[in-house]
1. Please determine whether any residue of the stretch 361-381 is more than 11 Å from ligand 1 (Cβ to nearest atom) and assigned to a strand (DSSP E or B).
2. Limited to the stretch 168-191, what total is found for residues that are out of contact with any Lys or Arg (no Cβ under 8 Å at 6 or more places or on another chain) and either more than 17 Å from Lys4 (Cα to Cα) or acidic (Asp, Glu) (or both)?
3. For the stretch 380-432, give me the residue count where each residue is among the hydroxyl-bearing types (Ser, Thr, Tyr) and over 29 Å from Asp368 (Cβ atoms).
4. Check the stretch 344-360 and report whether any residue there is aliphatic (A, V, I, L, M) and touching a strand residue (DSSP E or B) at 6+ places or on another chain (Cβ under 9 Å).
5. For residues in the stretch 12-50 being polar (S, T, N, Q) and in a strand (DSSP E or B), which is farthest from Pro144 (Cα to Cα)?
6. Would you pick out the residues in the stretch 222-237 that are buried (at least 22 other Cβ atoms within 10 Å of the Cβ) and either acidic (Asp, Glu) or farther than 18 Å from Leu259 by Cα (or both)?
7. Anything in the stretch 145-165 that is assigned to a helix (DSSP H, G or I), over 29 Å from Leu382 (Cα atoms) and open to solvent by 50 Å² or more (accessible area, probe 1.4 Å)? List them, or say none.
8. In the stretch 358-397, how many are closer than 30 Å to Asp256 by Cβ, open to solvent by 10 Å² or more (accessible area, probe 1.4 Å) and within 16 Å of ligand 3 (Cβ to nearest atom)?
Amino acid sequence: MRYKPMTPEFFKRNRKRLIEKLLPDSTVVLAGNETMPWSGDQDFTFRQNSNFFYLTGIDEENAMLCLCPHHPDPSLREVLFVKHADPTMVIWYGKRLSQEEASDLSGIKTVKWTSDFQSTLRDMVMQSRTIYMELNEYLKYSTPVADRNRRLIDELKSLYPLHQFERIAPQITELRLSKSTEELEYIAKSIDITRKAFLRVLKTTKPGMMEYEVEAEISYEFMRRGASGHAYSPIVASGENACVLHYITNDSVLRDGELLLLDFGAVYGNYAADCSRTIPVNGKFTPRQKQCYNAVLDVFKQAKTLLVPGASIEKTNKQIALLLEQKMIDLGLFTAADVKNQASGASPLYFRYYMHGASHFMGLDVHDVGLKTTILRKGMVLTCEPGLYIKEEGIGIRIENDILVDDTPIDLMRHFPIEADEIEKLMKESTL
Ligand code: GLY
Ligand code: MN
Ligand code: MN
């Protein structure tokens, strides 16, 4: 394992809290991820289903979890299934988790091989009225790919047509929204790795480099520090490329005098970090770049104070957009009169220069569970990421830190360089 496993107490507590939310006489069936085909005889790098990881700590493909808290046989109240290691596969790919190891990681006493899944599940289902199953309910995501849980729903509905089926995602979402001390430790670790990568970028970035060379510096620092990789495809966007919000080709040359927008974050132990910084390619902001940068930085500093209990992303997004609108007026992008005269119902003027939200939840997934309308509570982690994109000037700026909601919100990236002078100083001190 590339990371120190979390304590099984964390997963035990998550299961216990989930069980408290279930209807009486119910069974939860959750499939872990399988590997996804890439090309030829290769698969994509394995990534566990976040809900499955949250309840089991098992980071291996093809595992299953069944919970049947009212089962008369106590050994069948929580059962984890892992795939038996075929001796030939062990020769080629190494050993898999034994039942004992899986039990130690998850804190689940009964661990069986996946070949026993259907017969064990049948026993649980016959004691239950309701079967809870999982679909990825991320609001803005859909895919034609039927994952294991999606296929299992069809299969179990056909096998058990007289049972009541329910969604488990809302209950797990409710739990995942507030981060525990253990989770905050893992987030802190991925944040620390991300900070080291940023320091490396400040030391290595020079005009004439390719964007992908900067990406390589980030990846190098991530891998050598035990990250399992990037939490999302990193954005390394120079000049006008920074105005493409999801620019990930990273294949342009860094030109003297341009800005470079970086949006990157490590994953450690399946927990994400999400950071954006904007730096001058040659180590010195032009007066106009600095003026725009400080405008965004000023909004960022105000914006992060808004992430307090009782607020919501929907509400703070509006407040932050208005702060940016005022900065756009100050920067001469349009006038206060233009704002006053804009047609009601049309897309607001500021949208020309700032067209995304300022926050999302973050945790096991970089865009973690939770809605724009979710009322913020202490212990939630969100990003704060105001931006400004002036395509006609070749300027794209975003500043993004991860924030822990509290009466005084805690900036988990407060140790990252952020002031324009600080960035210039560190770039000048280049030693690599
Ligand atoms: N890089 C993804 C995001 O900032 O939301
Ligand atoms: Mn983000
Ligand atoms: Mn980001």
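The values are calculated or read from the model by the stated rules, or taken from the named source; none is laboratory data. Quick caveat, the model's predicted, so the values are computed rather than measured. A quick note on method: Cβ atoms are made from the backbone with ideal geometry, for glycine too, and the neighbour counts reach across all protein chains shown. Only protein heavy atoms, including side chains, enter the accessible area calculation; ligands, DNA and RNA are left aside. Shrake-Rupley method; radii C 1.70, N 1.55, O 1.52, S 1.80 Å.
1. yes
2. 10
3. Going through the stretch 380-432 one residue at a time, the tally reaches 2.
4. yes
5. Residue satisfying both the conditions and the ranking: Ser26.
6. Result: Phe222, Ala227, Ala231.
7. Answer for the stretch 145-165, where residues must be assigned to a helix (DSSP H, G or I), over 29 Å from Leu382 (Cα atoms) and open to solvent by 50 Å² or more (accessible area, probe 1.4 Å): Arg151, Asp154, Glu155, Lys157, Ser158, Leu159.
8. 1
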